[in-house]
Amino acid sequence: MSTPELQALHDALAALTQLERGKAVSQTKVRAVGKACFEARNEYKRAVHQVEQFVKTAPAHCRLAGVYVIDAVCRRSKDQSQHDVFTPRFATQILATISALDDADLEDRQRLVKLVENWVKMRLFEGVDFESIAVIQRTRGDGADVYGQPPRKRSRSPDRRQGYAPAPPQQGYTPAPPGSYPPQQQSWGG
């Protein structure tokens, strides 16, 4: 029993499989799928299942787009709904869903790590231990950033500026009186 909203979601997800290998997914495509999923919120369990199955069964180069859809739907649901139904539902299987990106290329996995770090920072999926996922551990172990730069060393102290003294106040500084700029031109010729 398929409703028009679920059929629209299925069609939008099918459009994501048309991505070319090596090209990033556009934000408008992700928003379109997110909108279709959000419009199917009356049958949110089936909508969430469709998106999760897409991430697990799509070609490897399309799976990151499915995770971006999960991100878009959960953010929109938290912002626009009084009762967020999508985030708790996605949270039940998020570890298995993300593990499906294990066979994706390094660049996609690094983008996934950045997205997961953003989720942790925003506390989108509370109570989920993303550090236990093998794809996250393996990607962090590869050592290079998405842009080919070595990873930054993280400070162990909560205040990164700890140990630095504040700049001393400037002594004897007086601002120039108004009207003194630009300085008067001196005449050298007499």
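The values are calculated or read from the model by the stated rules, or taken from the named source; none is laboratory data. Just so it is clear, the structure is predicted and the values come from calculations on it, not from any experiment. Neighbour counts run over all protein chains shown; Cβ positions are idealised from the backbone, glycine included. These area figures cover heavy atoms from the full protein model, side chains too; ligands, DNA and RNA do not enter into them. Shrake-Rupley method; radii C 1.70, N 1.55, O 1.52, S 1.80 Å.
Over what distance in Å are the Cα centres of the range 37-84 and the range 96-112 separated?
Each part reduced to its Cα centre gives a spacing of 17 Å.
Shape of the range 66-107 from its Cα gyration tensor (a ≥ b ≥ c, root eigenvalues): rounded if a/c is under 1.5, otherwise prolate when a/b > b/c, or oblate?
Numbers: a/c = 5.23, a/b = 2.04, b/c = 2.57.
Oblate.
With a 1.4 Å probe and all protein chains left in place, how much of the accessible area of the range 24-136 comes from carbon and sulfur atoms, in whole percent?
Ligands and nucleic acids excluded, carbon and sulfur reach 46 percent.
Given a 1.4 Å probe, how much area per residue of the range 44-131 is accessible, in Å²?
Computed with neighbouring chains in place, this is 48 Å² per residue.
Just to be sure I understand the model, the point goes 7 Å from the Cα along the line to the Cβ. What's the resulting Lys114 to Arg75 distance in nm?
So the label points at Lys114 and Arg75 sit 1.3 nm apart.
Test of understanding: extend the Cα→C-beta vector of Glu131 to 7 Å, then name every residue of the range 63-103 with backbone N under 18 Å from that spot.
95
What shape does the range 46-85 take by its C-alpha gyration tensor, where a ≥ b ≥ c are the square roots of the eigenvalues and a/c under 1.5 counts as rounded, a/b above b/c as prolate, and the rest as oblate? All intermediate terms of the calculation are to be shown ahead of the outcome.
Numbers: a/c = 5.51, a/b = 2.04, b/c = 2.70.
Oblate.
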